[in-house]
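Please read the structure below before turning to the comments.
Just so it is clear, none of the values below were taken in a lab; they were calculated from the coordinates. Because the structure is predicted, anything quoted here is derived from the model rather than measured. Cβ placement follows ideal geometry from the backbone for every residue including glycine, while neighbour counts extend to all protein chains displayed.
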């Protein structure tokens, strides 16, 4: 998956873009870790129940220039992208994804498009 200015996860209708005023310290304050290549990466579990260890992971990577990013929801082992919006059985996972993204919008990392 390539870096883009706007992105969403598979199946979601909401698109996100980086806040134009985002800074490196904002990303670090929100749990992003700087990789060896200088990008910033965030990996958060999206589990219906805490400590279930059988959920999904939200992966977001921001490029080093803080201009583009990519995001996906993967299996628990992080190897395969999944669509959590294809089934109503995953409603709790969908709500958790939107909760995490709304929190990052409130803290100035992303904006909705």
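Tabulated values for the structure
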| quantity | calculated |
| --- | --- |
| Order of 98, 16 - criterion: other Cβ atoms within 10 Å of each residue's Cβ, fewest first | 98, 16 |
| Span from the the stretch 3-64 Cα centroid across to the the stretch 83-113 one, whole angstrom | 11 Å |
| Between 0 and 90°, nearest 10: helix 91-106 axis offset from the chain longest Cα axis | 20 degrees |
| Within a Gaussian network of the chain (alpha carbon springs, distance under 10 Å), most fluctuating of 74, 49, 26 | 49 |
| CD proxy at 222 nm, helix term only [per DSSP H run n ≥ 4: -39500 (n - 2.57); per residue of the chain; nearest 500] | -6000 deg cm²/dmol |
